[in-house]
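This report refers to the structure that appears directly beneath it.
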Amino acid sequence: MEIRGEDVQEICTDLIPLEVWAYRNKAVLKIESIIKRTIDIIGSLVGIIALIPLTLIIGLANLIVGDTGPLFYSQKRIGKDGKIFKMYKYRSMVVGAEEKLKNYLEENEKAREEYKKYKKLKQDPRITKIGNFIRKTSLDEFPQFINVLKGEMSLVGPRPYLPEEKEEINGYFRYITSVKPGITGFWQVNGRSNVTFYDRLDMDMKYFYQHSLKLDVKILKQTAEKIIDKEGAI
């Protein structure tokens, strides 16, 4: 499926036209930007404080089950304006996970089709015992508070894409990357585990057009509710 830049406006006909969005009151945008960054800094500091005991607990749990691999994992992602940055997570997969995925997909046609459609597997053989728990509870995402404090991410925004996914994003790219990627966002609170890659792009476009402090607060509230209910990982 190829999406050209000129197709984006047609896809989003139910949203505010790009021309109208571009001329929103600059003073309001500036104030919202300052408030959003302030919330990001405060939220990331609280999250980083929580990292200290959480790191000790997860590290100990890994040792108990015999997992002696690295505790943290970093991966290159696409940030604002297309800049590549390293996103941090607690490692929830086996060491050498990418090679294992490659081999698994080569041997399993059904899994290959699922991964092509969703860019993930519901039954992923790479996930560790502790990794399964921290992914269900979204604890694996906590190290990204470091990315937020560094200014590479925000608490709320489109989930950062992998560099190799840039070609599939095509016409959406300049829109989605015009805002900072987030720990949580529109896609995560609207059925993350059950939407296709292209549904995700549509949701990220909706966030691009509609993003505001009011929407961010709503997403944060919905995120907390989903984590408590364990309704899909963030």
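As a summary of the residue check, Phe186 satisfies the conditions (1) surrounded by fewer than 21 Cβ atoms within 10 Å (Cβ to Cβ); (2) in a loop (DSSP other than H, G, I, E, B); (3) of a type in the set (Phe, Trp, Tyr) except for the one numbered (1).
Reported count of residues in the range 149-183, each being outside any loop (DSSP other than H, G, I, E, B) and more than 12 Å from the chain's Cα centre (by Cα), is 16.
Exactly one residue among Ile58, Ile42, Ile48 is assigned to a helix (DSSP H, G or I), modelled with pLDDT of 95 or more and touching a strand residue (DSSP E or B) at 6+ places or on another chain (Cβ under 7 Å), and that residue is Ile58. Taking Lys76, is it modelled with pLDDT of 90 or more, of a type in the set (D, E, K, R) and touching a helix residue (DSSP H, G or I) at 6+ places or on another chain (Cβ under 6 Å)? Considered against the rule, which asks whether it is modelled with pLDDT of 90 or more, of a type in the set (D, E, K, R) and touching a helix residue (DSSP H, G or I) at 6+ places or on another chain (Cβ under 6 Å), Lys76 comes out as yes.
Conditions tested, residue by residue: (1) surrounded by fewer than 16 Cβ atoms within 10 Å (Cβ to Cβ); (2) of a type in the set (Gly, Ala, Ser); (3) touching a residue at least 40 places away in the same chain (Cβ under 8 Å).
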position	(1), (2), (3)
Lys76	yes, no, yes
Lys89	no, no, yes
Val95	yes, no, no
Leu105	no, no, no
Gly131	no, yes, yes
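Residue-level analysis places Ile16 outside the set of residues that are at pLDDT 95 or above and either in a helix (DSSP H, G or I) or of a type in the set (A, V, I, L, M, F, W, C) (or both). Restricting attention to the range 182-234 and to residues that are among the hydroxyl-bearing types (Ser, Thr, Tyr) and touching a Gly at 6+ places or on another chain (Cβ under 7 Å), the residue that is modelled with the lowest pLDDT turns out to be Ser193.
Residue-by-condition table, conditions (1) free of Cβ contacts under 8 Å to residues at least 60 places away in the same chain; (2) under 23 Å from Lys122 (Cα atoms); (3) in contact with a Phe, Trp or Tyr (Cβ under 6 Å, 6 or more places away or on another chain):
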residue: Phe142; (1), (2), (3): no, yes, no
residue: Leu155; (1), (2), (3): no, no, no
residue: Pro181; (1), (2), (3): no, no, no
residue: Trp187; (1), (2), (3): yes, yes, no
residue: Asn190; (1), (2), (3): yes, yes, no
residue: Val195; (1), (2), (3): no, yes, no
residue: Tyr207; (1), (2), (3): yes, no, yes
residue: Leu215; (1), (2), (3): yes, no, no
residue: Lys226; (1), (2), (3): yes, yes, no
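The values are calculated or read from the model by the stated rules, or taken from the named source; none is laboratory data. All of these numbers come straight from a predicted model, not from anything done at the bench. We place every Cβ from the backbone using ideal geometry, glycine too, and count neighbours over all the protein chains shown.
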